[in-house]
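The values are calculated or read from the model by the stated rules, or taken from the named source; none is laboratory data. Owing to the predicted nature of the structure, the values given are computational and were not obtained by experimental measurement. Cβ sites come from the backbone with ideal geometry, for glycine too, and all protein chains shown count toward neighbours. Please note that ligands, DNA and RNA were not included when accessible areas were found on the heavy atoms of the full protein model with its side chains. Shrake-Rupley method; radii C 1.70, N 1.55, O 1.52, S 1.80 Å.
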Amino acid sequence: MSSEDAMEPMSAQFFTGLGVAITGSGSATPETNLDNAALSQIVETSDEWISTRTGIRQRRLSSAYGSLNEIAAQAAQNALEMAGVSPQEVDLIILATSTPDDLFGTACLVQARLGATKAVAFDLTAACSGFVFGLVTAAQFIRTGVYQTIVLIGADVLSRWVDWGDRRTCVLFGDGAGAVVIQANARDRLLGFELRSDGSQNASLTLAYQGQAHPLLENLAIAQGTFSPIGMNGQEVYRFAARQVPEVIEKALFRANLSVEQIDWLLLHQANQRILDAVAQRLKIPNEKVISNLANYGNTSAASIPLALDEAVRQGKVQANHIIASSGFGAGLSWGSAIFQWGR
Ligand code: UT7
């Protein structure tokens, strides 16, 4: 076989020049609601402090018997229904999460719940950037012609890992799931993206494994333990987000050959209303174009962007062809932006 012959199947499989479209969205949140007044009975805080510093008024919490895979599958099911796609048509499921039910991975449990028998499924961990990183990852599989139909879920149950005695962190987070269906499309609707990581700032936001030395033999010790609750330097994370998020959005817009004025919606990771306001102000984007639902859910990590997107779509705010500038940012540190157009 000549080298040209050997190359041919590769090019047929991997370089089809297909575009990417987001054709459906869905979300699911646990029923239990904890508002700021109720939270004030757990730690020394107040509705006034939480709402003025963060914009958060309440959050949903998974019950003691709830699971991540349950809300993740429900969000995915809702997204598939909107897209008019059956679970059996799905080629790939990506579950962006930092709070798996099983450290070996939770995406396969979601696959089984959905009955997506043909799909391969894996977890992706990039904290609050997980949805944007997952969107870009999914797009590569479609653009190379490997898969045609992908379900991307962002889901987190951070209540499992919050220190409920630490008022500096526990007031911020909530549980939830959001999902989108991403399909091969003649027109490419992922217009530009930019992803970043900086591990030198890892200590600013952690959910780290803490092992104790456990001797097995005289000169052999391994570590066994568990994960420590979320640790965060709030002011450092705030400064990082206010500085890096506008910059990464501008870079993604540059790649998309678009100006800020052409954006219909700014869709940021829902961490803090003050961060949303600061980024919008820096980019000179008016408040009416900023999607915000964190008052009701708090920071749901990888779920926050698809959860807010799904609400905005179902409310009729986001419509076909609207241009959305999204940005995720958080632990890693990691951050990124994806500029996409809604619909086929
Ligand atoms: O996905 C990314 C996740 N992380 C983030 O988005 C975090 C980004 N950072 C932030 O959102 C803000 O830094 C916070 C909301 C976390 C904190 O706001 P801040 O304006 O930076 O407050 P601070 O940490 O400077 O604390 C101010 C005061 C302190 O009291 P003293 O030392 O001035 O007497 C805190 O002890 O507020 C106190 N405080 C609280 N008081 C009532 C901190 N947390 C609370 C609380 N209730 N929950």
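For segment 15-189, the fraction of alpha-carbon pairs lying more than 24 Å apart is 40 percent, rounded to a whole number. Over the chain, the pair-distance histogram of Cα-Cα distances with 10 Å bins from zero comes to 6, 26, 33, 22, 9, 3, 1, 0 percent, rounded to whole numbers.
From helices alone, the chain scores -10000 deg cm²/dmol at 222 nm; the rule is -39500 (n - 2.57) for each run of n ≥ 4 DSSP H residues, then divide by the residue total.
Heavy atoms of the protein chains alone define the surface here; on that basis the chain has 45 Å² accessible area per residue at 1.4 Å probe size. Sequence-distant contacts, meaning Cα pairs under 8 Å at least 6 residues apart, place the relative contact order of the chain at 25 percent. Taking packing as the residue-averaged number of other Cβ atoms within 10 angstrom, the listed peptides 146-154, 101-109 run from highest to lowest as 146-154, 101-109. Computed over segment 86-173, the quotient of the alpha carbon radius of gyration and 2.2 N^0.38 Å is 1.23. From most to least packed by mean Cβ count within 10 Å, the peptides 164-177, 223-236, 249-262 give 164-177, 249-262, 223-236. Structure note, pairs 118/289; 284/317; 118/317: Cα-Cα distances above 28 angstrom occur for 118/289; 118/317.
Only protein atoms count toward the accessible area here, which uses a 1.4 Å probe; on the chain, the carbon and sulfur part of that area reaches 50 percent.
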